[in-house]
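Contents: one structure, followed by commentary.
The values are calculated or read from the model by the stated rules, or taken from the named source; none is laboratory data. Remember, it's a predicted structure, so these values are computed and weren't measured experimentally. Glycine also receives a Cβ, built like all others from the backbone with ideal geometry; neighbour counts cover every protein chain displayed.
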Amino acid sequence: MAPQVGLFIPCYIDQLYPQVGIASLKILEHFGADVEYPESQTCCGQPMANTGCTNEVGPLALRFLEIFKSYDAVVCPSGSCVSMVKHHYDEYLGDHPDYKRLKEKTFEFCEYLTGPMGIKKLDGQFPHKVGLHQSCHGLRELRLASSSEVVGEPFGNARELLESIEGVEITTLQRPDECCGFGGTFAVAEEAVSCMMGEDRVYDHEQAGTEVLTALDMSCLMHMDGIIRRQKKPIRVMHIAEIFAECL
Amino acid sequence: MTASKDHILSQLRKQSVPASELPDLQQAELTQQWITYPDLSEQFTELLASIKGLCLRVKNVEEVNQRLAELPVYQESKQICSLIPNCGQPNVNVNEITDPHDFNDVDFAILPGEFCVAENGATWISNDGGPTRTLYFLAQHIALIVPASEVVPHMHAAYERLTFENPSFGTFMAGPSKTADIEQSLVIGAHGARSLTVFLVDDAF
Amino acid sequence: MPSHPKLAEAFVKDKERAKWHDQSLWFVRSKRDKAVHQLPEWELLREQASKIKSYVISHLPDLLEQFEKNATAKGVHVHWARDAKEHNEIVHSILEKHQVKRVVKSKSMLTEECHLNPYLERHGIEIVDTDLGEWIVQLQDKPPSHIVMPAIHIKKEEIGELFHEKLGTEKGASDPQYLTESARQHLRRKFIEADAGITGVNFAIADTGGFVVCTNEGNADLGTSLNKLHIACMGIEKLIPRADDLGVFLRLLARSATGQPITTYSSHFHGPKPDGEMHIVLLDNGRSEISGSDEFRRSLNCIRCGACMNTCPVYRRSGGYSYSNTIPGPIGSILGPAHDTKKHSSLPFACSLCASCTDVCPVKIDLHHQLLTWRKEIRLKGLLPFSKRLSMKMMGWMMQAPRLYQFAGTCARWVVPYLPRFLLYNRFNAWGKQRELPDIPKQSFREWMKKNHDRK
């Protein structure tokens, strides 16, 4: 029997980008996962935690644990929210007997595909120049790929999976993994710097010839897409799960 | 004074800081990982060039003199000092100088270096603290004379050679003085030497 | 005092300049990358440095006493200062005793922290900063905007203008070579005329009683070798246990700072010259308190390389002055609130939590986690702006009630698509100033699931 996957869809994806949730579900089911979407889920609490409002996070962390603890695996199409659950719940759930197990079984979407599900190659075609934005939390918290600061062998499973698709050409950036400037409430509190960061990332992709800008996190993409659409740039934004789903 | 010392120390002792161990830097698991180079003096020469210094490998002091004579900055120098016997044509008598300020017009100084470090192009120099210490920094151009056998691979090996039991002064000098404080443009000759030439000499001198 | 976002916004307003500033610092970060990737043992070195520093902080009182004993044995006078005021008084009293009128100083962020220059000037002592960048900002009567490259925010044309006015260089001349040469000539005279040299300290060695000062320009060495009196000022956290530890730290420092394999001069001072005098001032100024904090202790590991500034996407685009703190950037945003939480309460939020600082830090300070912890402290101290507090409270409340959350979403989907643009994009919507809002979908993911997904 296939392991039962609890699909963790971050609140903003649920409300603003349902297609990303749908694409993630389709891919997981395509590869034979038994997926359930527990409907009582809301938000992991990251916006409050990152603003310092930890009082508001505790109850949400506990809710999250109760909702997801019975699944064999928890999978989420957002590195940032996964990093919240895996790296920042300790102060709320550190003593909880089920938290350690939850940490171990929570996965970012691509991480789950390439890890436990063992997917190394995707069929189908996507004949586009794709720009891969390395979202910071996936990169430097979850270590889903090598970051440019650290000395060691380069790696990155999501990138490999993307490259395995026929027609995909990943563009080469001047700054391979600089932050886009979203940063949650930072995007609003430090609006000027945030937007300049976003503009610079978009410009880098534009120069590199990116047609489709993708990432493991929709939040970074929401921010950059906001700039792309305001400035009417010829770049389309897609979550990596959407690209995978298009190849099915 | 003692009141402040006591206050600071008692403040520090008041804090509960978890104990933590000092790593043993001689342990093989570490030392095996330190970088190695097939040819130390070649690596040193290359590194020094990359930081705008010049390394010349020569057989003996006579050859140092020949090569010095070919250096345009040496040819143009009016005041020359040397702390190496029979090296260069010094015209400033170092022994007569007691006030380091009197070295202010020295154009070229030929000085001893103890050993070189391949990984970063640095040469260790030490000085007893007399007025000649200033020469290393005040002279417009510098040549360091170092035995060719004295090149170590990296800084760990460098510190294996160094002890600081007595009052002393020593410095790693890596290339000429430089700054990039104006728009990150590299300019050679900030306050110290405008050029640095290291002679690695094969024979004893 | 204006908050970071206000000052940052003003900096970003001059887009061309902000871009130029960003690119100058990215250039330094790229040089750092190139240098560190040549050493396969880089991560191992960081690991050792972090361990050594942790050891130091956990044994600080003993190591300080050991250092004092060994330094004294080599003929050094060791002084202890609780705070900036005491530090300045000590330095002044030494200078006064020697009837010093002119001092040359090499770069020391600690003397900036103590505002030593204005203090000595008030007492009639001329003090000249001899690091080119620091001298430029001194001529402007401003503090450094970066701890390693104090004048990184100033354009060469502006420096040309400043030098023309202050030193009489040619009008309109802005060639860095020419300007540096003028500074060299001018400062040579200052070195020759000075009666004493002040330096900072990069590392002080407990078991030898000596200390190391690193410069590229040679200014620390000129300032101290020409004069009989050398005063070195250091924070108590600058200690390392053994001389061998320098092998680790000197490999890390310059590579992290500027991408050089080592600074041009790494000078090891063990005692005064035979006819000279050497003083060391050990400063606490809040450091002992930080050593007691489990959350922020590791910030004392800092070796002031500036790598976190060079890599910080916010620092690069907002400039050092936007932090209103002696030490700007990520590490400054931790040390600032530790010193005065209220004054610096906006700094921990001047961060997108990208964690690049944590990954470049040669002593492995968990900078972005400490910034996050500061946000929590600021909330606990009641220093978070009301608007942030309220919105997070409401959001927290809504997220605990899935029905309410769904209802809010459904309402938004009904209403938002029909709103005229001016209601969505106005001065209350910081998001929409330069960005489009996402299009509101017809249904949420959970609504889609209900309709389309059958449980098997």
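The single condition from (1) at pLDDT 95 or above; (2) over 29 Å from B:V17 (Cα atoms) that C:V56 fails is (2). Against the numbered list (1) within 14 Å of another protein chain (Cβ to nearest Cβ); (2) buried (at least 19 other Cβ atoms within 10 Å of the Cβ), B:D99 comes up short only at (2).
Residue-by-condition table, conditions (1) free of Cβ contacts under 8 Å to residues at least 24 places away in the same chain; (2) among the hydrophobic types (A, V, I, L, M, F, W, C); (3) surrounded by 11 or more Cβ atoms within 10 Å (Cβ to Cβ); (4) in contact with a Gly (Cβ under 9 Å, 6 or more places away or on another chain):
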position	(1), (2), (3), (4)
B:A28	yes, yes, no, no
B:Y37	no, no, yes, no
B:G53	no, no, yes, yes
B:N60	no, no, yes, no
B:Q75	yes, no, no, no
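For the structure I just gave you, tell me whether C:G382 is crowded, with 17+ Cβ neighbours inside 10 Å and either of a type in the set (K, R) or over 30 Å from C:D245 (Cβ atoms) (or both). Here the answer is no, as C:G382 does not meet what is asked. Look through the stretch C:426-450, keep the residues that are of a type in the set (D, E, K, R) and surrounded by fewer than 19 Cβ atoms within 10 Å (Cβ to Cβ), and return whichever of them is nearest to C:R413 (Cα to Cα). By that ranking, first place goes to C:K442. For the stretch C:191-237, the set of residues classified as within 21 Å of the chain's Cα centre (by Cα), outside any strand (DSSP E or B) and more than 11 Å from every other protein chain (Cβ to nearest Cβ) consists of C:G200, C:V201, C:N202, listed by residue number. Which residues, taken from the stretch A:184-219, are in a loop (DSSP other than H, G, I, E, B), among the charged types (D, E, K, R) and at the interface with chain C (Cβ under 8 Å from one of its Cβ atoms)? Across the stretch A:184-219, the qualifying residue is only A:E190. Checked against the criterion of being surrounded by fewer than 16 Cβ atoms within 10 Å (Cβ to Cβ), assigned to a helix (DSSP H, G or I) and in contact (Cβ under 8 Å) with a residue 12 or more places away in the chain, the candidates A:E66, A:E91 yield just one match: A:E91.
Scanning the stretch B:171-205 for residues that are in a loop (DSSP other than H, G, I, E, B), surrounded by 23 or more Cβ atoms within 10 Å (Cβ to Cβ) and charged (D, E, K, R) turns up just one, B:D181. Candidates B:L30, B:L22, B:L56: the one that is outside any loop (DSSP other than H, G, I, E, B), more than 19 Å from the chain's Cα centre (by Cα) and at pLDDT 95 or above is B:L30.
Being modelled with pLDDT of 90 or more, in a helix (DSSP H, G or I) and acidic (D, E): is that true of C:E436 here? In short, no. For A:D72, the test of being surrounded by fewer than 21 Cβ atoms within 10 Å (Cβ to Cβ), touching a Pro at 6+ places or on another chain (Cβ under 7 Å) and more than 14 Å from chain C (Cβ to nearest Cβ) is passed. Residues in the stretch C:111-145 that are in a loop (DSSP other than H, G, I, E, B) and either more than 10 Å from chain B (Cβ to nearest Cβ) or over 29 Å from C:A18 (Cα atoms) (or both): C:C114, C:H115, C:H123, C:G124, C:I125, C:Q140, C:D141, C:K142, C:P143, C:P144, C:S145.
This table checks each residue for (1) more than 14 Å from chain A (Cβ to nearest Cβ); (2) surrounded by 14 or more Cβ atoms within 10 Å (Cβ to Cβ); (3) part of a helix (DSSP H, G or I).
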residue: C:A18; (1), (2), (3): no, yes, yes
residue: C:K31; (1), (2), (3): no, yes, yes
residue: C:P40; (1), (2), (3): no, no, no
residue: C:I52; (1), (2), (3): yes, yes, yes
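Looking only at the stretch A:120-128, decide whether some residue is farther than 26 Å from A:V237 by Cα and not in a loop (DSSP other than H, G, I, E, B). Scanning the stretch A:120-128 turns up no residue that is farther than 26 Å from A:V237 by Cα and not in a loop (DSSP other than H, G, I, E, B). For the stretch C:286-293, the count of residues that are of a type in the set (S, T, N, Q), over 11 Å from C:G235 (Cα atoms) and in contact with a His (Cβ under 7 Å, 6 or more places away or on another chain) is zero. Within the stretch A:1-24, the set of residues being under 18 Å from A:D72 (Cα atoms) and more than 7 Å from every other protein chain (Cβ to nearest Cβ) comprises A:M1, A:A2, A:P3, A:Q4, A:V5, A:G6, A:L7, A:F8, A:S24. With respect to C:G329, determine if the residue is touching a Phe, Trp or Tyr at 6+ places or on another chain (Cβ under 6 Å) and surrounded by 14 or more Cβ atoms within 10 Å (Cβ to Cβ). Judged against the criteria, C:G329 is a match.
Screening C:E277 with (1) touching a Lys or Arg at 6+ places or on another chain (Cβ under 6 Å); (2) within 14 Å of chain B (Cβ to nearest Cβ) gives one miss only, at (1).
For the stretch B:123-139, the set of residues classified as touching a helix residue (DSSP H, G or I) at 6+ places or on another chain (Cβ under 8 Å) and more than 8 Å from every other protein chain (Cβ to nearest Cβ) consists of B:W124, B:I125, B:N127, B:P131, B:T132, B:L135, B:A139, listed by residue number. Out of C:K107, C:K74, one residue alone is assigned by TED's automatic domain parsing to the domain that holds C:E193, modelled with pLDDT under 95 and buried (at least 18 other Cβ atoms within 10 Å of the Cβ). It is C:K107.
All of A:H137, A:H128 fail the test of being of a type outside the set (D, E, K, R), out of contact with any Pro (no Cβ under 8 Å at 6 or more places or on another chain) and closer than 18 Å to A:L248 by Cα, apart from A:H128. Return the only residue of C:L25, C:L45 being buried (at least 22 other Cβ atoms within 10 Å of the Cβ), out of contact with any Ser or Thr (no Cβ under 7 Å at 6 or more places or on another chain), within 23 Å of C:G235 (Cβ to Cβ) and within 14 Å of chain A (Cβ to nearest Cβ). Being buried (at least 22 other Cβ atoms within 10 Å of the Cβ), out of contact with any Ser or Thr (no Cβ under 7 Å at 6 or more places or on another chain), within 23 Å of C:G235 (Cβ to Cβ) and within 14 Å of chain A (Cβ to nearest Cβ) holds for just one of C:L25, C:L45, which is C:L45.
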